[in-house]
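A.B. asks: One structure is given below, represented as structure tokens, and several questions about it will come after.
All of the numbers you see were taken from the coordinates with simple rules; none came from a lab. Quick caveat, the model's predicted, so the values are computed rather than measured. FYI the Cβ positions are ideal-geometry reconstructions off the backbone, even for glycines, and counts take in every protein chain you see.
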Amino acid sequence: MDFSIAELYSVFNAQQGKDSNCQKQVLRLIQFLSSEDGWPLCTSILLNSNSNQLNIDALPDDQKSALFFLCCRALEENLKSDSPVPPDEAPKFAAFACQWLRYLINPVDGTRKPKYFESKAGHLVTLAIIRYYPNHWSSLFDDLLGILIEATGKQVSESNRSDIVAVDLFLDILIDLDSHIISRNVQLTTEELKRSNELKDAMRESCIGSLIHTCYQLIYRFLSSCQSNACLIRKILHTIGLYASWVDLTLVANTEWITLLSRLLQLSMDNKSSSAIIRCGIYLYLIGFVNKGMPVIDKLSLLTGVWEQLGSMLINDPNISNFMMDPNINSCDDLNDDQLESLSTLATLIDAMGNQLISVYRNLYDTTVLNSGSNQINSNQFRPDSDNSSFLPTALEALEDRLNVALRLFEHKKQEISQVVTPFLRSYLSLLKSVVNHPLSENLSSTLGARRQRNRNSSASMDSGNHLSVGYNTSLGHLEINEIRYFFVKRLLFACVDKMKCLPIRVDQEDDECEYEEYRHELRTLIGNITQLDQRFVLDSIHQMVKHSHHLLSSNAMQKSSFPLEHIQQIDVTLNLFYLFGEICKASKNDHFSQSFPHHETMISIMSILCTDSFSRLPHETLQLQYFETMVRYERYFSLVPEHLLHVMLAFVDDRGLHSPWHSVKIRCAYLINRIIKSHKKTLLPHTEEYLSRFSDLLELSVEPDCSVLNGSELNGSITCVNGRTTNIDKFNARAGLGITEQSFLYEAAAQLIAAGGIQLSNLTNCGNSNNGGDRVGELFRVLLTPVMIQYDQFVTKYITEQDPKVAEVRGILVKQVTDLITKTTRVFSQPKCVITSGCESVLIDAMRLIISELSRFPTDVTSPGRQAACAGVRAFLHRMVACIIPANEPSSTECRSTLTSDVLLAALVDAIPQLVKPLRSRLGCYTSGSQMLDIFDAEQRWKEIRDIIPLVTQVVLRYKNQSIPFLSSCLPDLMEIIINFVNEPLPPDHPTLIEERKLLRRGYLQLVQTIYQSVPDVFSQLTNENIVQNLTTVLGQVEACLESDDPIGLRSGIILFLQLIQSDAHNSQFYENFLLSHLLPFYILGPISPVFRLNDGQFILALDKIAESLHVLYQKQDGLYTYLRDYFLPRQQLSPELILSYTSALKSNLKDFQLFVRTFYAHFH
């Protein structure tokens, strides 16, 4: 490319330009400068070594930075290139890199360059290592060490600490290199992994020992000034910790390094200002080789040896030892950021050591490695010459010694410290769970109960130096739950409870909730593991917490407006734990109060306390939510104590629940009350009218949409509950009433009670004690739905008159929601054992007539905003009506009114279906004339809507069968015509959504035809009698299209239809000759040869089996098929006589053998 130096120097202006030409100019510059001819120019600019160029230092800072980053970017692109390395490239770059590093270490003007200069330089050297080492720049690390020795081997002034810069650069390169060759977060590709292994092998052979020894010498160099160089010492230790994962362990875990670490720990205690920083580095160093992969025995030797030599010094830091030894010291306000980071890193080290020890213990125990490995030679100083039989108890002792430290760290008030050790604690609990049922711990049940009472008064502490020892009556090294381990479990539970009390519970602190949710989940997991270990202990603890919370509520009954925060947190945790207990400890039929549940007495006692008035009126929004969640979670209790149900229901319907000042409580109770009424409607039946009047003021619908809907937020302000905690609470708490979604739950709850009255009336009728209750049930149902039916017209009017398309879409959705509300209310009449009284049927018919009459007012343009949603609501209602109203010929339909009702429904459907289809038909001409392009959006809407009508017609056919014949005779011809026209419309080949819609539409059409033939064969005959061959050929064409469009499900539906036709009509000679032989048989035999007939797909295999079955049945119905295939059809397909003979012979066999033959036969053609 044409290149100008001036263009290079003006790169800053080009980068700041917003038009595309400026950006293209920058990209062209990078492309040139990263080329073989361009990258040497970048090196001369960075070194400012070309006398023909402008002095870089004379440029303004912004231009200088822009030019610097441009050159670095170009060099990066060149170094990342996969192209072969030219012979002179590596030497040139080596010379530049060494000179540039020296320039940065000893700048000409004596002023240290900005840190980003050094970071970029280090990154370029890292990329050079990956590209050039060892094949093209074998002395790379020797050159780096030479530069480092130059800078650190001479005296320097305090104003020009070139040794600091050199060490910092050196460490940056090593850390950056580690991230490239050992990716701990992203899995390397095969090529990257191969290159990584090559680099590591080369470094192991040539330089890794020198690099680590240099780091060792650098630490010694800075020991005398460790206070001022603490950060650098930490960085060196961190670097060695990173490399420990893949270097020889003797390089980093030998006597020299352990001695050095001991000295650093001692110095850190003497220099308190820098102790936290240095200790953090030591922890990072130890984490590196603690996690190093190695044989089990070697790992155990390493972990125990390190702790034996360094453990006491690690714990003796005043910031740690004071906290560890005195449980009352839990304040971290006097700790600075460095000290907190150091403590967090120590927790990470303890967690790593603990998990490694658990892994060691599991391996030793599971594989019974007690006497193996005695002849192995240990390569590090920690391998003792002990009998292998001692390894298992040694591992257990070391594990539980670290557990003592981990538990104390877990009790720290700072989340970033306690959360770090939760994986170790969780793994240990898992280890305990795995041995609870071990044969050697069967004595637990008989001894533990007696020990618990003694432990309550015991002063034993895990901080007293006693580790969780091995049980007295067990084999050496076996883990059982003894008193000390049981005490650990108790202490851990109490710590978890204390942690949960500290978490925020206010519902408006959404950011905090997100921040703490993971931590909350980890605490619940720990509590869940403890519960699985000992349900009785956890439930007893919850019982005590419930009693204490009840005392708090009772003593502060008159002061709930100023209820202390710690009391609120106590109650919140209590309710959460009780809810969580039920989730973890499953009971038969979810009944925790039956005799079969071992702790049913305690559960009953807890629920009896929670059902008191003090608990039902809690002083916090979240607590009130949690209370109702808990009541519904344990609703089986009310079957045992029904009198408490009435008290809880009163809380649901008064100002504690549905009429609460807290909107989130209102909307959640609307859902929960529906659940509890469903389960206990018989108990609540006598109070039906009372409850209806209690929430009647909440049933009035608002014709205006919520602002959240208009702003594109959630349409449903629904709330979910996970593990007893309410989430996704509606943000618009200022809203006074309930949304339609929540109101629909109330309508359904009311309908449940009303319908229960119908069931009771039916039982009384069967006993001869009928009264006038049936009319009352119908009256209540009419009272419930009449306000909605009156308002329905208002919703539709608002929708059809709305001019704003966005608002019209929302209003269409509102129409759907109101229709869904009516649908949901009537859903109770399609449930088993539910009886529809004459009054209820009358209300249903009135609602149906209203909705269908309003349907005629809907927009006729299929793409009108909101129409799709509004029509979906009408279809869902009609589906529900078909499910509710029984056919005339069912045995239970003995009265005249039932026959009349089903006839009225079918007559109404004759009006409704055309209104749903008419807008689709009216636009059909625009697309079948062939003169216009297919409108993608319009076609997608039309096809989806007609496809959604098919299931309704199918349901009517299956439900009413012969009674539906007038309905089908009226609606089906037009519907079939429209479907066939739709599937024949021109289709753009590159539109997958339309392709899928057409596939689904064609499949629905075939399934509808199959349903009609099975349920009402007379209607099918009417459809095909006029021109049976033409009509069946049309159906066959759609079956063939299913094959072409890769739809095996639709293909199988069509084949099953033709199989049924063969079974019933194959004896008809005219049908046999004009359709079966001439049209269907060629498709059945030649279709599976097509490449799109995938024999490796299970659905296609099922379709092929149905084809074989059809041919086998046809052969049995028509003897001439065998001769026709043998003498005429198969020879014309150019098949060999052997294949023809095998095919026709197989046709004579039984069906199963013929199906297997057909599979093998067609496999030869694929």
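A.B. asks: Please work out the Cα center distance from the range 123-153 to the range 1081-1152, rounded to the nearest Å.
C.D. replies: Between the Cα centres of the range 123-153 and the range 1081-1152 lies a distance of 74 Å.
A.B. asks: Going by C-beta contacts inside 10 Å, put His521, His1079 in order with the fewest on the left.
C.D. replies: His521, His1079
A.B. asks: Using r as the Cβ-Cβ distance of Glu704 and Asp938, and R0 as 35 Å, what FRET efficiency do you calculate, to the nearest 0.05?
C.D. replies: 0.70
A.B. asks: Could you give the length gained on full extension between Glu150 and Glu689, defined as 0.36 nm per residue of separation minus the Cα-Cα distance, in nm?
C.D. replies: Fully extending the segment from Glu150 to Glu689 adds 184.6 nm.
A.B. asks: Under a cut-off of 15 Å between alpha-carbon atoms, report the aspartates and glutamates in cross-link reach of Lys824, not counting same-chain residues fewer than 8 places apart.
C.D. replies: Glu742, Glu748
A.B. asks: Distance between the C-alpha centers of the range 644-664 and the range 398-428? Whole Å please.
C.D. replies: 42
A.B. asks: Another question about this same structure. Per residue of the range 568-575, in order, report the coupling 6.51 cos²θ - 1.76 cosθ + 1.60 (Karplus, θ = phi - 60°) as ³J(HN,Hα) in whole Hz, putting x for Gly and Pro.
C.D. replies: Rounded to whole hertz, the list is 4, 5, 4, 5, 4, 5, 4, 5.
A.B. asks: In what order do Ser660, Ser225, Ser119 fall by count of nearby beta-carbon atoms within 10 Å, going from fewest to most?
C.D. replies: Final ranking by Cβ density, sparse to dense: Ser225, Ser119, Ser660.
A.B. asks: A further question follows. Between Asp948 and His1079, what FRET efficiency follows from the Cβ-Cβ distance if R0 is 35 Å, with the result rounded to 0.05?
C.D. replies: Given R0 = 35 Å and the Cβ-Cβ separation, E is 0.65.
A.B. asks: To continue, here is another question. What is the order of Thr683, Thr826, fewest Cβ neighbours within 10 Å to most?
C.D. replies: Exposure proxy ranking, most exposed first: Thr683, Thr826.
A.B. asks: Another question, if that's okay. Would you mind checking Lys816/Lys918; Lys944/Lys1117; Lys80/Lys299; Lys589/Lys944 for any pair whose Cα atoms are more than 30 angstrom apart?
C.D. replies: Lys944/Lys1117; Lys80/Lys299; Lys589/Lys944
A.B. asks: Here's a follow-up. For Thr190 and Met325, calculate 0.36 nm times their separation in residues minus their Cα-Cα distance, and state this gained length in nm to one decimal.
C.D. replies: The Thr190-Met325 span can extend by a further 43.6 nm.
A.B. asks: Pairwise over distinct Cα atoms, reciprocal of the mean inverse distance: report the Kirkwood radius of the range 1030-1166 in Å, one decimal place.
C.D. replies: After inverting the pairwise mean of 1/r, the radius is 15.0 Å.
A.B. asks: Cα-Cα over 32 Å: which of Lys433/Lys666; Lys586/Lys666; Lys682/Lys961; Lys92/Lys113; Lys499/Lys681?
C.D. replies: Going by Cα-Cα distance, Lys433/Lys666; Lys682/Lys961; Lys499/Lys681 fall outside the 32 Å limit.
A.B. asks: Can you tell me the length gained on complete extension of the stretch Met294 to Glu1040, counting 0.36 nm per residue apart and subtracting the Cα distance?
C.D. replies: Here the answer is 262.3 nm.
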